[in-house]
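Student: This is the structure, below, for whatever I ask next.
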Amino acid sequence: MKLYDTGIFLLNGSEIIADNADAAAKLAAKGITADKAEAARGTMAYNILKAHNTSGNMEKLQIKFDKMTSHDITFVGIIQTARASGLEKFPIPYVLTNCHNSLCAVGGTINEDDHMFGLTCAKKYGGAYVPPHQAVIHQYAREMLAEGGGMILGSDSHTRYGALGTMAMGEGGPELVKQLLSQTYDINMPGVIAIHMTGAPVPGVGPQDVALAIIGEVFKNGYVNNKVMEFVGPGVASMSADFRIGVDVMTTETTCLSSIWVTDEKIQEWYDIHGRSEAYKELKPAEVAYYDGCVEIDLSAIRPMIAMPFHPSNTYTIEELKANLMDILDDVEKKALVSLDGQVDFTLKDKVINGQLYVEQGIIAGCAGGGFENICAAADILDGKYIGADEFTLSVYPASTPVYMELMKNGAAMKILQSGGIMKTAFCGPCFGAGDTPANNAFSIRHSTRNFPNREGSKLQNGQIASVALMDARSIAATAANKGFLTSATEMDCEIKTPKYFFDADIYANRVFDSHGVADPSVEIKFGPNIKDWPDMSPLPENMFLKVVSEIHDPVTTTDELIPSGETSSYRSNPLGLAEFTLSRKDPAYVGRAKEVQKGQKAIESDSCPGEALPEFRPIIHKVQEQYPDVERDNIGIGSTIFAVKPGDGSAREQAASCQKVLGGWANIANEYATKRYRSNLINWGMVPFLIPSGDLPFTNGDYIFIPAIRKAIEDKLTEIPAYVVSEEEMKPFTLQLGELTDRERQIILKGCLINYNRV
């Protein structure tokens with residue numbers, strides 16, 4: 001795999017000419033003028049974005065999406081926010097799926113209450129509702145929503161349908177709210193990176209292997225961060241539609257903005273099979289297209305991969321892992337000291353038996369692993385074999401009921417069941433920590449999307465620890481056939497077939513509620529007792545006091561660490577209830593500290609003295625008033641902030657930001673933000689996304705920061721904002737930085753949140 005350190009010209013979708021000193025001459029020899037600006041308009045990404053841009057300026061995009069989709073962790077908060085802002089009707093097709101809290105096994109009635117909320121909202125506002133266990137969000141979107149040249153926005157980070165010719169983006173809930181209110185998705189024109197593929201995958205190598213190989217190369221260096229990955233080259237044709245989809249969904253783990261692929265007869269066949277032939281569109285770059293970078297991949301050189309705990313980028317070939325087993329396990333232990341903060345003893349070395357690594361669990365599931373061909377391949381490998389009667393277990397979750405039905409018809413499900421594996425319904429739980437939680441100290445291999453700490457469902461705060469490695473379904477099946485001893489699919493002597501898929505749409509036609517865009521205002525929304533409105537939020541004050549209440553120095557902080565996934569998702573319709581879990585796995589004292597600071601702001605809002613509610617604040621404001629005598633209760637705000645080196649990797653869920661906000665958070669301070677979507681979530685909840693250069697911090701946990709004239713600084717579009725670290729004795733000046741903000745984003749921050757911005 002090769003990463004270019006320059007941009008490239010791509011000729012006829014296959015020939016690469018690096019943008020270096022020789023480029024003009026090489027192009028001229030072919031009769032081509034090296035016009036980068038013109039050639040940049042030849043990418044598929046540029047043309048799809050242009051077709052959806054409403055600004056008239058391709059440098060400053062204002063995108064309107066064709067369709068949207070959400071699941072039952074996110075749609076309640078989205079619709080509640082839109083309702084508070086005057087929602088009357090869904091202006092574009094909006095599909096509400098129920099694949100995350102579908103077990104309804106935690107918290108009494110609250111999960112099914114959310115589902116009934118979703119069904120009644122689909123009826124009232126003119127949307128579609130997919131009942132629990134019918135399909136995971138992204139499989140339904142592929143089967144029923146994707147279309148060539150279209151754009152879909154989803155409130156889940158793995159909203160990726162590029163292999164089908166749809167540019168899809170996963171964002172926090174407020175960005176979907178904007179679309180529901182007929183507003184736009186505002187971004188600068190992103191860079192576009194060519195993912196140029198040659199060759200063909202060897203037998204036993206699956207889509208997860210290709211995806212992990214890419215992630216391992218591009219995540220740490222940020223090569224595709226917030227850019228569009230455009231898959232091109234002759235190697236694309238070697239992969240089936242299902243294979244491409246399996247690679248595409250994992251592009252989220254590179255931190256790219258979106259993805260798009262060339263389309264061909266195999267994608268046309270996909271649409272034909274699904275009864276939507278009209279949705280197909282041929283996509284390819286222009287004869288001359290310019291890309292901001294290029295990842296060159298020889299598919300034939302990729303071998304079965306494994307992403308060891310605790311990140312999808314911690315990748316090795318399975319062959320490499322076996323050859324250097326103890327050294328790599330030692331490295332995993334060192335990474336665990338960072339990821340787990342030394343809270344528990346962690347080792348995988350006790351899994352080594354006679355030189356082989358033993359695992360206790362295998363999972364093939366969700367939008368990444370639950371595809372038809374993945375499960376058929378696993379069934380072929382397991383045919384006539386048995387997983388044994390020891391600790392190892394195997395669970396397989398088809399991504400949709402139509403896929404499950406076909407697996408039963410063609411016998412693949414029977415092969416898995418005969419082996420000792422278990423077939424389950426469409427459910428995202430194993431991917432985010434709400435299903436198939438292994439035993440304490442157990443090791444799970446999963447064809448799913450993430451292997452962050454606690455994504456397997458254990459609770460670090462209770463002394464429980466299990467861990468996950470990501471692998472392809474084929475090698476998981478090979479390991480299962482070897483009764484739990486880690487095995488690559490290329491080590492197995494068996495034929496992996498690719499049976500034809502037959503899609504039966506009747507289950508959706510008879511079970512999915514689809515209003516076809518017709519709203520019924522007479523429908524009463526069903527509110528369960530756990531569904532709460534967002535609390536009132538104050539506008540940005542003239543002058544701001546921030547107390548640092550958590551300081552995180554990990555290289556990257558995931559959204560799972562900011563607000564845990566798993567069983568806490570049941571409380572995501574209750575903003576204050578969910579906020580109690582904020583940073584609970586990373587900094588359990590955070591909630592108490594934030595609430596204490598919030599007392600000062602609540603006192604201001606009730607015309608009381610903040611110093612009485614928060615005695616530690618008295619000497620702080622007195623010190624500030626020595627230099628700023630006009631600063632007083634009527635023109636200040638008091639809030640909390642966290643510092644993290646690089647927060648926001650992972651999920652799109654807005655609650656990673658909103659939970660801080662409802663606890664009185666006014667800002668984050670970081671060296672950089674891991675993803676655009678987390679920074680957008682901060683902004684949409686009225687939190688200022690400050691930046692500070694890496695190096696020595698001017699403050700520490702527990703310090704107060706005073707930012708004079710913060711409101712005017714935002715209004716005046718300042719990018720460097722003066723601030724002070726304040727103690728009883730002194731005020732130490734330093735500078736906070738603020739990256740680029742659109743005019744709308746500034747107004748949202750000034751108003752205090754998106755709800756306030758839109759409220760009539």
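Student: Output wanted: per-residue J couplings in Hz (rounded whole) for the range 125-134, from phi through Karplus 6.51 cos²θ - 1.76 cosθ + 1.60, θ = phi - 60°, x for Gly and Pro.
Tutor: 9, x, x, 10, 9, 9, x, x, 6, 7
Student: Taking amide H atoms as placed 1.01 Å from N in the peptide plane, list the residues 5 or more away in sequence, or in a different chain, whose amide H sits under 5 Å from that of residue 459.
Tutor: So residue 459 has HN proximity to 464.
Student: I'm checking a number: the convex hull volume of the Cα atoms of the chain, normalised per residue, in Å³. What is it?
Tutor: 160
Student: Tell me the angle of helix 325-339 to the major Cα principal axis of the chain, expressed in degrees between 0 and 90 and rounded to the nearest ten.
Tutor: So the inclination is approximately 20 degrees.
Student: On to the next question. For the range 616-659, place one equal point scatterer on every Cα, skip the solvent, and apply the Debye formula. What is log10 of I(q)/I(0) at q = 0.26 Å⁻¹?
Tutor: Each listed q maps to, in turn, -0.97.
Student: Would you kindly give the portion of the calculated P(r) for the range 305-491 that falls above 21 Å, as a percent of all Cα pairs?
Tutor: Tail fraction, whole percent: 45.
Student: Taking a cut-off of 21 Å, what percent of all Cα-Cα pairs in the range 585-701 are separated by more than that?
Tutor: In whole percent, the long-distance tail amounts to 45.
Student: Same structure, new question: Work out the FRET efficiency for residue 2 and residue 500 from their Cβ-Cβ distance, taking R0 = 41 Å, and round it to the nearest 0.05.
Tutor: Once rounded, the FRET efficiency stands at 0.70.
Student: Further question: Just rank 585, 511, 83, fewest to most, by other beta-carbon atoms within 10 angstrom.
Tutor: 511, 83, 585
Student: Taking only the alpha-carbon positions of the range 339-419 and ignoring solvent, what does the Debye formula give for the base-10 log of I(q)/I(0) at q = 0.17, 0.20, 0.25 Å⁻¹?
Tutor: -0.76, -0.91, -1.16
Student: Can you report the principal axis dimensions of the range 545-609 using only the alpha carbons, biggest first, rounded to whole angstrom?
Tutor: 39, 30, 14
Student: What order do you get for 292-298, 30-36, 700-706, 637-643 when each peptide is scored by the mean count of other beta carbon atoms within 10 Å, highest first?
Tutor: Taking the mean over residues of other Cβ atoms within 10 Å, the ranking is 637-643, 292-298, 700-706, 30-36.
Student: Here's something else I'd like to know. How far, in degrees from 0 to 90, does helix 618-627 lean away from the longest principal axis of the Cα atoms of the chain, to the nearest 10?
Tutor: Helix 618-627 and the main axis of the chain meet at about 70 degrees.
Student: Assuming 0.36 nm per residue, please report the length gained on full extension of the stretch residue 41 to residue 715 beyond their Cα-Cα distance.
Tutor: Gain in length upon complete extension: 239.2 nm.
Student: Over the C-alpha atoms of the range 437-513, what are the Rg and the largest Cα-to-Cα span, Dmax, in Å?
Tutor: For the range 437-513, the Cα radius of gyration and maximum Cα-Cα distance read 17.6, 47 Å.
Student: Using Cβ contacts closer than 10 Å as the measure, can you line up 261, 534 from fewest to most?
Tutor: If I rank by nearby Cβ atoms, fewest first, I get 534, 261.
Student: I'd like the FRET efficiency for residue 440 and residue 518, computed as 1/(1 + (r/R0)^6) with the beta carbon distance as r and R0 of 51 Å, rounded to 0.05.
Tutor: Rounded to the nearest 0.05, the efficiency is 0.50.
Student: Using the basic label-point model (7 angstrom from Cα toward the beta carbon), what is the residue 356 to residue 220 distance in nanometres?
Tutor: 3.1
Student: Under a 5 Å amide H to amide H cut-off, with H placed in plane at 1.01 Å, what residues pair with residue 688 once short-range neighbours are removed?
Tutor: 667, 668
Student: For the range 409-554, compute Rh as the Kirkwood radius over C-alpha pairs and then the Stokes-Einstein diffusion coefficient at 4 °C and 1.567 mPa s; write the answer in µm²/s, rounded to an integer.
Tutor: After rounding, the answer is 61 µm²/s.
Student: Right, next: Taking all pairs of different Cα atoms in the range 98-171, averaging 1/r and flipping that mean, what Kirkwood radius in angstroms comes out?
Tutor: One decimal place: 13.4 Å for the Kirkwood radius.
Student: Next question, about the same structure. Neighbouring Cβ atoms within 10 Å as the yardstick, rank 471, 151 fewest first.
Tutor: Neighbour counts put them in this order, fewest first: 151, 471.
Student: So what J values fall out for the range 256-265 if you push phi through Karplus, 6.51 cos²θ - 1.76 cosθ + 1.60 with θ = phi - 60°, rounded to Hz, Gly and Pro as x?
Tutor: 6, 7, 6, 8, 8, 10, 5, 10, 8, 5
Student: Check residue 520: other-chain or 5+ apart residues with amide H under 5 Å from its amide H, H built from backbone geometry?
Tutor: The answer is 124, 125, 126.
Student: Right, next: Using the Karplus curve 6.51 cos²θ - 1.76 cosθ + 1.60 with θ = phi - 60°, what ³J(HN,Hα) values do you get for each residue of the range 300-306, in whole Hz, with x for Gly and Pro?
Tutor: Computed from phi, the couplings for the range 300-306 are 5, 8, 7, 10, x, 10, 9 Hz.
Student: Hey, another quick one. Say the cut-off is 23 Å between C-alpha atoms; which of 89/717; 60/227; 220/732; 351/483; 595/712; 89/532 go over it?
Tutor: Flagged as over cut-off: 89/717; 220/732; 595/712.
Bear in mind these aren't lab numbers, they're just calculated from the coordinates by the rules spelled out. Treat the numbers as computed from the prediction; the structure is a model and nothing was measured. We place every Cβ from the backbone using ideal geometry, glycine too, and count neighbours over all the protein chains shown.
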